[in-house]
1. Could you grab the pairs with beta carbons closer than 7 Å, sequence gap of 6+ or different chains, first residue in the range 491-505 and farther than 21 Å from Val364 by Cα, second one small (Gly, Ala, Ser)?
2. Are there any pairs, at least 6 apart or on different chains, whose C-beta atoms fall under 6 Å, with the first in the range 425-448 and closer than 18 Å to Ser488 by Cβ and part of a helix (DSSP H, G or I) and the second open to solvent by less than 60 Å² (accessible area, probe 1.4 Å) and among the aromatic types (Phe, Trp, Tyr), and if so, which?
3. Do you know which residues across the range 329-350 are farther than 15 Å from Ser248 by Cα, open to solvent by 50 Å² or more (accessible area, probe 1.4 Å) and more than 19 Å from the chain's Cα centre (by Cα)?
4. How about the range 8-48: which of its residues are under 17 Å from Gly58 (Cβ atoms), modelled with pLDDT of 90 or more and open to solvent by 60 Å² or more (accessible area, probe 1.4 Å)?
5. Give the range 296-328 a look and list any residue that's of a type outside the set (Val, Ile, Thr) and open to solvent by less than 60 Å² (accessible area, probe 1.4 Å), or say none.
6. Hey, can you tell me all the residues within the range 379-405 that are over 16 Å from His499 (Cα atoms) and open to solvent by less than 40 Å² (accessible area, probe 1.4 Å)?
7. Test Lys354 against the criterion of being closer than 28 Å to Asp60 by Cβ, open to solvent by 70 Å² or more (accessible area, probe 1.4 Å), at pLDDT 85 or above and assigned to a helix (DSSP H, G or I), and give yes or no.
8. Any residue in the range 364-378 that is surrounded by fewer than 17 Cβ atoms within 10 Å (Cβ to Cβ) and in a loop (DSSP other than H, G, I, E, B)?
Amino acid sequence: MIDLQSLPTEPGCYLFSDGEGTIIYVGKAKNLRRRVSSYFSRHDLDRKTERLVAAIAGIDFIVTDTEVEAFILENTLIKKHQPKYNIDLKDSKRYAYIHVTDEPYPRIHTARQPDGNGRYYGPFVSGREREDLLRLLKSLFGLRSCRRLPRRPCLRAHIGSCSAPCTGRITEDEYRERVRRAESVLKGDIAGLIRALREEMVAAAERQEYERAMELRDQITALEGLRERQHVDRQKTYNEDIVNYIVSEGTVFLMLFNVDRGTLAGKREYTFDETEGFIEEFLARYYADHEPPQEVILPVPVDDALPGYLSHLRGAKVRVVVPQRGEKKNLLDLVRKNVEIAFFGDRIKLDELKRRLHLPDLPVAIECFDISHLSGTAMVGSMVRFLWGKPDKRNYRRFRIRTVEGIDDFAAIAEVVRRRYTRLQKEGGEFPDLILIDGGKGQLAAATAVLRDLGVKVPIAAIAKREEEVFVPGFSHPLPLERHEKASLFLQEIRDEAHRFAITYHRTLRKKTVAP
């Protein structure tokens with residue numbers, strides 16, 4: 001069960017995955033919660049979208065600072081994952097350039113490769129951003145886009161969006177000055193150009209050339225709109241990793257963003273116990289398995305030996321940077337925002353579950369059991385583990401039922417619960433904070449009896465399908481939980497994951513049984 005209320009209301013990208021964990025769709029949104037919710041609330045979806053929604057088993061997201069940033073990240077993630085339902089969004093124009101030709105009256109247009117004369121700017125990560133910028137420059141400075149100067153003025157000349165050198169109404173020097181200003185924008189010197197235009201606007205007003213002053217004012221307004229540059233799409237020739245974390249109650253919640261030549265390519269999430277020097281230990285272990293980039297951006301200073309160690313692994317110099325202000329500090333803040341939402345958005349679910357089930361401790365670790373069979377044959381059990389509100393797939397377990405004949409879900413649940421916690425007792429493993437059973441009062445009673453026999457004192461609950469009723473030991477009636485409140489939705493999500501895992505194992509066994 002997907003808890004839509006846990007999604008943030010900020011801009012970013014969302015990633016839909018199927019039951020196997022494969023990313024099947026990447027989208028962008030101004031408001032992630034509103035956009036993702038629309039998939040499940042609308043009744044006028046087209047066939048392709050209906051198939052997509054039916055296949056969704058999980059949702060991940062990356063929060064961004066702006067919509068533009070979300071658009072660029074969306075393109076990057078589509079190129080990286082090639083999702084099944086994003087075929088139409090694969091844009092071959094992604095790496096095109098803006099080309100200013102070398103002619104008496106230079107023209108400005110899109111070019112796929114920098115293989116001719118003139119000057120090339122880019123490549124542009126976003127095709128839409130490139131076209132918007134190109135359209136703005138043509139309009140602002142009246143630059144031509146025609147391949148050859150026509151003998152008579154075109155429509156753009158008539159509506160005033162081109163200075164129409166074809167008519168002779170502008171000199172070559174005047175036109176080249178317009179091109180120079182457009183290239184200042186393409187080079188990124190928007191602030192310098194705005195200052196120059198302001199000086200010219202004031203001078204025009206003093207000469208009482210009010211029409212010219214208004215034209216310059218409009219250009220300044222449009223250029224100021226371009227100054228909100230996106231944080232992640234920075235044209236770099238090297239790779240960076242950005243690491244930030246939050247420590248809470250002895251646990252480190254860490255996120256690492258991979259930036260590939262200025263473009264955010266993905267993120268990784270980690271949770272581990274806080275220890276002295278944990279950041280150095282994490283970086284040393286992580287980069288032992290992943291090639292270090294040219295630059296690592298961190299929130300705190302690290303041991304002086306770490307850059308040397310990373311440089312040794314890479315075979316080239318690695319810079320470790322701890323920015324205090326500016327663009328890189330903004331990137332660190334963006335990663336921290338994602339940590340807060342990704343990990344502590346789930347903390348709200350845990351707090352609510354603790355309150356509604358009257359648990360003694362926060363249910364940081366939850367283990368859920370399910371049974372699957374086909375008319376009593378190929379009976380299997382599954383156990384999924386959730387840690388801090390997220391699937392901990394490395395600690396999933398599956399069981400082939402050994403002692404039960406025929407259809408007996410109660411006995412099957414008893415067997416897998418006994419096997420799981422007998423083994424944890426023998427190995428000295430860590431017990432969960434809550435045990436969840438897929439089923440009703442009968443399954444709950446069977447599991448509770450096993451725990452009592454083993455002397456395991458862990459809170460236990462069961463959630464029944466259909467009405468999504470939640471039962472706990474000692475009460476004959478279900479708890480007064482509404483099926484759409486946060487605690488119930490979280491239990492449904494865990495139960496559905498256990499059921500999916502059991503079904504997957506069951507199908508695997510059936511295939512082996514019928515294989516020739």
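1. Arg500/Gly19; Arg500/Ala57; Ala502/Ser372; Ala502/Gly381; Ala502/Ser382; Ile503/Ser372; Tyr505/Ser382
2. Listed by first residue and then by second, the contacts come to Lys441/Phe471; Leu444/Phe471.
3. Answer for the range 329-350, where residues must be farther than 15 Å from Ser248 by Cα, open to solvent by 50 Å² or more (accessible area, probe 1.4 Å) and more than 19 Å from the chain's Cα centre (by Cα): just Lys329.
4. Hits for the range 8-48 are Thr22, Arg33, Arg35.
5. Matches in the range 296-328: Leu298, Pro299, Leu306, Pro307, Gly308, Leu310, Ser311, Ala316, Pro323, Gly326, Lys328.
6. Result: Trp388, Gly389, Val404.
7. So Lys354 passes the test.
8. yes
The values are calculated or read from the model by the stated rules, or taken from the named source; none is laboratory data. The model shown is predicted, which means the values in this text are computed figures rather than measured ones. As a convention, Cβ positions derive from the backbone with ideal geometry for all residues, glycine included, and neighbour counts pool all protein chains shown. Please note that ligands, DNA and RNA were not included when accessible areas were found on the heavy atoms of the full protein model with its side chains. Shrake-Rupley method; radii C 1.70, N 1.55, O 1.52, S 1.80 Å.
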